[in-house]
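Participant: Sharing a structure with you now.
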Amino acid sequence: MNVSPRKLLRVARWEVSRTVGTVDRKTAVLGAVALLLTLGVAAGGLLAGGVALDEDIYAVAVSSDSPYHESVTDSTPLEAVPVGAPNADVYVDDRDPSDREATVSVANTRKGQAALGAFRSAVERHNARLLAAEENQSAAFPVGVTLSYVERASERVGASDGSAGENDDGAIGGDGTGDSDGAGDDAGDRSAGSGTASDGGAGSGLGVPDFGGIAGSLFGGQPTGSPAEIAPPFPFSSLVLAFAFLVPMNFVIQAYGSTILNERINRRGELLLVAPLSRTDIVAGKTLPYAGVALAATTVIALAVGGGPLSVAAVFPIALVFLAATFVGAMFARSFKELTFVTVTVSVALTTYAFVPAIFSTVTPVALISPLTLVVRDLQGEAVSIAEYLFSTGPFYLVAGTLFATGIGVYREEDMFTQRAVPLKFLDALAVRLHRPRDVALLSALSVPFVFVAELLGVAVLFALPEGAAIVALLVVVAVVEEVAKGVGVYAGFHRSRFERDLPTALKLGALSGAGFFLAEKATVVVQVVGLGSLPLGEAAFGTAGVGSGLGPAAGLALVALPLLLHVVTAAVGAVGATRGRRAWAGTLLVAMAIHFTYDLTVVSALG
């Protein structure tokens with residue numbers, strides 16, 4: 001499908017001028033204020049340390065002239081109350097303020113015990129701040145520690161005598177006088193001294209940057225300092241910063257969806273349809289300004305939060321999916337009320353998919369299904385390989401392209417200006433691509449990105465369940481998703497009378513659909529590169545459980561041919577029912593799902 005850059009840019013200029021002309025000054029100001037307030041609240045919450053849900057939940061009875069009063073007032077969960085106040089959780093008996101000793105008693109309740117722990121932590125933090133303000137830091141902190149994270153498999157620590165191995169490149173920093181490889185006589189020698197770190201194994205270490213000041217509290221964790229300050233990094237605040245990238249997209253898709261639906265109201269877009277422009281030129285031209293706004297907003301936010309080109313490159317495919325899904329929704333919606341429902345659904349679904357897996361960015365390869373994991377890594381200064389980038393963003397690029405192609409299929413007079421049900425428009429969008437039987441194979445192959453995303457989401461959702469139950473549930477999800485993906489194109493062809501409703505045609509289309517899906521599905525071998533295949537759920541979902549290992553050529557060929565045969569047979573079963581209508585197709589689809597599930601369960605059980 002050819003695209004003329006000159007025509008595309010002409011449509012884009014017209015779209016910009018038309019959109020700007022329809023937005024009055026008051027609406028523009030309110031939109032800008034709303035966006036700035038949203039980003040300002042998020043940034044303010046981050047700089048303030050987040051939302052304090054535990055503010056003033058424990059009452060501490062302490063006098064105002066007590067040395068412990070400042071520790072209490074500086075602590076968020078603690079509230080300083082007068083000494084004689086009733087129902088306090090902690091009582092500080094400090095009759096002589098010049099004496100640093102005090103008697104602390106607590107209420108005989110579970111809340112009192114929790115309050116005592118919070119009070120103890122507050123005093124420790126206060127003392128640490130006082131020591132940090134001392135001029136002689138070596139006297140204030142005679143013991144210093146620096147952490148350098150390494151791969152688990154690259155380090156062994158002896159359990160018999162407490163000493164580390166000879167090649168402990170990621171050792172805790174010692175007094176700066178040890179060997180260059182970081183090895184020491186014992187753990188105590190390596191943790192004492194002035195706090196100078198070893199090189200941390202430049203060849204194998206996974207560097208964790210030392211963010212100071214505000215950035216340190218934002219990114220969580222403290223890899224250097226006194227032993228009491230050491231804390232592992234957790235990317236919660238980085239995720240909040242990454243979430244800021246998604247905020248402007250909600251404004252962009254609202255405007256974009258409105259302009260698409262406006263073309264369908266009172267036949268306003270008919271002039272474009274009769275112009276010497278292809279449908280691709282029109283849609284690409286109308287989308288280009290909004291994609292540009294999303295890219296510009298992403299770039300500005302990346303610069304503001306300290307991200308680099310990787311953050312922009314990771315978020316941009318998410319923006320494309322936002323736009324593509326909104327475009328399809330605007331083409332299917334029959335009113336602005338339905339469009340609002342579509343845009344909210346798109347926003348919630350994509351935000352959930354992108355945000356939730358990234359929470360586990362430091363735990364499991366499952367997090368890589370979300371491009372926001374790449375943003376978190378970029379904000380924390382970690383490297384990302386090309387394979388990891390393609391694994392995270394590839395499905396988004398493919399889904400966006402397929403959605404745009406689906407929407408372009410119904411960007412025509414008979415679909416734009418008629419009030420048809422959403423399922424019927426969806427079938428029209430598929431059927432318009434079917435001209436020859438081999439087009440069924442292409443349509444089935446194009447469904448693989450959606451299948452891939454659905455199965456990845458299934459892996460992320462079922463990850464926390466017990467392994468046995470999670471695998472069975474995931475196999476059900478795989479069977480349902482894949483059979484629907486292979487069968488819906490065939491059903492659309494029969495429903496729109498693109499093909500003859502007879503058994504030979506059904507078997508032929510089923511075989512083509514299964515073969516096309518099988519060939520496209522093999523692209524998922526990239527999951528093995530990023531390590532997802534090492535998880536039991538990854539093996540069950542993507543068939544990476546040691547296929548072909550230790551087997552002869554004949555057995556290996558059989559293991560490759562059997563999935564092809566499975567897809568062909570199950571797609572043919574569904575196609576036979578599609579020739580007889582919706583109910584018959586639903587019945588045969590259930591049979592195909594049962595066959596698919598039984599096969600997958602047998603293979604997973606046999607291969608372990």
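Participant: Confirm whether A349 is closer than 29 Å to A284 by Cα and either touching a Lys or Arg at 6+ places or on another chain (Cβ under 6 Å) or crowded, with 23+ Cβ neighbours inside 10 Å (or both).
Facilitator: Considered against the rule, which asks whether it is closer than 29 Å to A284 by Cα and either touching a Lys or Arg at 6+ places or on another chain (Cβ under 6 Å) or crowded, with 23+ Cβ neighbours inside 10 Å (or both), A349 comes out as no.
Participant: Same structure, new question: Scan region 543-558 and tell me whether some residue there is of a type in the set (S, T, N, Q), at pLDDT 60 or above and surrounded by 13 or more Cβ atoms within 10 Å (Cβ to Cβ).
Facilitator: no
Participant: Moving to a separate point now. When you go through A515, A485, A469 one by one, which is the residue that is assigned by TED's automatic domain parsing to the domain that holds S444, under 32 Å from the mean Cα position of the chain (by Cα) and under 25 Å from A358 (Cα atoms)?
Facilitator: From the options A515, A485, A469, the qualifying one is A469.
Participant: Please name all residue pairs, on different chains or six or more residues apart, with Cβ atoms under 9 Å, provided the first residue is in region 440-466 and is more than 24 Å from T406 (Cα to Cα) and the second residue is at pLDDT below 80 and of a type in the set (V, I, T).
Facilitator: V459/V366; V459/I369; A460/V356; A460/V366; A460/I369; V461/V356; F463/T364; F463/V366
Participant: Tell me, yes or no, whether region 262-269 has at least one residue that is farther than 17 Å from R412 by Cβ, touching a residue at least 40 places away in the same chain (Cβ under 8 Å) and either buried (at least 17 other Cβ atoms within 10 Å of the Cβ) or among the small types (G, A, S) (or both).
Facilitator: No.
Participant: Going by the conditions given, is Y389 over 23 Å from A485 (Cβ atoms) and either surrounded by 17 or more Cβ atoms within 10 Å (Cβ to Cβ) or under 17 Å from the mean Cα position of the chain (by Cα) (or both)?
Facilitator: Yes, satisfied.
Participant: I've got another one for you. Yes or no: region 378-391 includes at least one residue that is modelled with pLDDT of 75 or more, in a helix (DSSP H, G or I) and more than 15 Å from V315 (Cα to Cα).
Facilitator: There is at least one residue in region 378-391 that is modelled with pLDDT of 75 or more, in a helix (DSSP H, G or I) and more than 15 Å from V315 (Cα to Cα).
Participant: Looking only at region 429-442, count how many residues are in a helix (DSSP H, G or I) and in contact with a Leu (Cβ under 8 Å, 6 or more places away or on another chain).
Facilitator: Residues meeting the conditions: 4.
Participant: Does E166 qualify as being of a type in the set (D, E) and either within 29 Å of P77 (Cα to Cα) or at pLDDT 85 or above (or both)?
Facilitator: Criteria not met by E166.
Participant: Something else about it: I'd like to know if region 443-454 contains one or more residues that are out of contact with any Gly (no Cβ under 9 Å at 6 or more places or on another chain), assigned by TED's automatic domain parsing to the domain that holds G510, in a helix (DSSP H, G or I) and of a type in the set (G, A, S).
Facilitator: Looking for residues that are out of contact with any Gly (no Cβ under 9 Å at 6 or more places or on another chain), assigned by TED's automatic domain parsing to the domain that holds G510, in a helix (DSSP H, G or I) and of a type in the set (G, A, S), one finds at least one in region 443-454, hence yes.
Participant: Taking the conditions exactly as written (touching a Gly at 6+ places or on another chain (Cβ under 9 Å) and part of a helix (DSSP H, G or I)), does T299 satisfy them or not?
Facilitator: No; evaluated as a whole, the condition is false for this residue.
Participant: So which residues in region 355-375 are modelled with pLDDT under 80 and in a helix (DSSP H, G or I), if there are any at all?
Facilitator: Correct list: F355, P357, A358, I359, F360, P365, V366, A367, L368, I369.
Participant: Now, a different point. Looking only at residues in region 402-426 that are among the β-branched types (V, I, T) and modelled with pLDDT of 80 or more, which one is farthest from I282 (Cα to Cα)?
Facilitator: This residue is T402.
Participant: Run down A330, A313 and say which single residue is closer than 20 Å to L398 by Cβ and either touching a Pro at 6+ places or on another chain (Cβ under 6 Å) or modelled with pLDDT of 85 or more (or both).
Facilitator: Criteria check complete, one pass: A313.
Every residue, every condition in (1) over 33 Å from the mean Cα position of the chain (by Cα); (2) modelled with pLDDT of 80 or more; (3) in a loop (DSSP other than H, G, I, E, B), yes or no:
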{"site": "K7", "(1), (2), (3)": "yes, yes, no"}
{"site": "G40", "(1), (2), (3)": "no, no, no"}
{"site": "G45", "(1), (2), (3)": "no, no, no"}
{"site": "T73", "(1), (2), (3)": "yes, yes, no"}
{"site": "N87", "(1), (2), (3)": "yes, yes, yes"}
{"site": "N108", "(1), (2), (3)": "yes, yes, yes"}
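Participant: When only residues in region 471-504 that are in contact with a Ser or Thr (Cβ under 9 Å, 6 or more places away or on another chain) and basic (K, R) count, which is modelled with the highest pLDDT?
Facilitator: K486
Participant: Still on this structure: So which of V252, V283 is within 12 Å of Y411 (Cβ to Cβ) and aliphatic (A, V, I, L, M)?
Facilitator: Going through V252, V283 in turn, the sole match is V283.
Participant: Condition test on P82, is it surrounded by 14 or more Cβ atoms within 10 Å (Cβ to Cβ) and either modelled with pLDDT of 85 or more or not basic (K, R) (or both)?
Facilitator: no
Participant: I would also like to ask the following. Taking region 321-341 as the region of interest, how many residues are part of a helix (DSSP H, G or I) and more than 14 Å from T406 (Cβ to Cβ)?
Facilitator: 7
The values are calculated or read from the model by the stated rules, or taken from the named source; none is laboratory data. Note that this is a predicted model, so its numbers are computed, not measured. For neighbour counting, all protein chains shown are included, and Cβ atoms are generated from backbone atoms with ideal geometry for every residue, glycine included.
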